[in-house]
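The values are calculated or read from the model by the stated rules, or taken from the named source; none is laboratory data. All values reported here derive from a predicted model rather than from experimental measurement. All Cβ positions, glycine included, derive from the backbone under ideal geometry; neighbour counts span all protein chains shown. Remember, those area values only see protein heavy atoms, side chains included, never the ligands or the DNA or RNA. Shrake-Rupley method; radii C 1.70, N 1.55, O 1.52, S 1.80 Å.
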Amino acid sequence: DWSSDVCSSDLKDFMKIVVVSDSHGRNDILKTIQEKHPNAKLFIHCGDLEDDPMNFPGYIIVRGNNDYFGRFENERIIPIGKHQIYVTHSHRFSYFLRSEQLVNRAKELNCDIVCFGHTHVSFLDRFDGVTLVNPGSLSHSRDGKPCSYAILDINEDDVQVELKFEPEW
């Protein structure tokens, strides 16, 4: 059970969390990413797995618009020390107002970090005290950049985000 280890309120050091999205059946890379980051405390998948989440016990996974088989939550809240991460695929949010709506939903849920997918475009921003992270897509990037995922380093006072693009995998 990840919650007893990860949700400790004492984060003296950085906690590494790997965030992926939109793998669309590219299951081989999910295991590779886990093997590449053995010191990560948590792996989050922001939807469009296109497989049964039971096949990926190391990941916390939310439902994407292409996830029809298996049991998924539509959204998740993950407490990490003083932080709370809101995880959603974001396909039910407005295309033009996505960031604002994600920040509003995060604030409703007392979350200060949002991890989301759906757009296949990596995105990092801080807005009104909320860190927004879209790791991009593991299968089909839509902005001309290589496929990508994100690494969050979280401690009590800070959230740092790094994008990893496919040539670095």
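If the condition is being closer than 14 Å to His45 by Cβ and among the acidic types (Asp, Glu), then segment 136-150 contributes no residue at all.
Summed over segment 102-126, residues that are over 18 Å from Gly47 (Cα atoms) and not basic (Lys, Arg) total 8. Note on segment 76-94: residues that are under 10 Å from Gly47 (Cα atoms) and either open to solvent by 70 Å² or more (accessible area, probe 1.4 Å) or at pLDDT below 95 (or both) amount to 0. Residue selection: Lys107 satisfies the criterion of being touching an Asp or Glu at 6+ places or on another chain (Cβ under 8 Å) and surrounded by fewer than 18 Cβ atoms within 10 Å (Cβ to Cβ). Every condition in (1) surrounded by fewer than 23 Cβ atoms within 10 Å (Cβ to Cβ); (2) out of contact with any helix residue (DSSP H, G or I) (no Cβ under 9 Å at 6 or more places or on another chain) is met by Gly136 except one, and the failing one is (1).
Yes/no matrix, rows are residues, columns are (1) part of a loop (DSSP other than H, G, I, E, B); (2) touching a Ser or Thr at 6+ places or on another chain (Cβ under 7 Å); (3) within 18 Å of Glu166 (Cβ to Cβ):
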| residue | (1), (2), (3) |
| --- | --- |
| Ile17 | no, no, no |
| Asp28 | no, no, yes |
| Gln34 | no, no, yes |
| Phe43 | no, no, yes |
| Leu49 | yes, yes, no |
| Met54 | no, no, no |
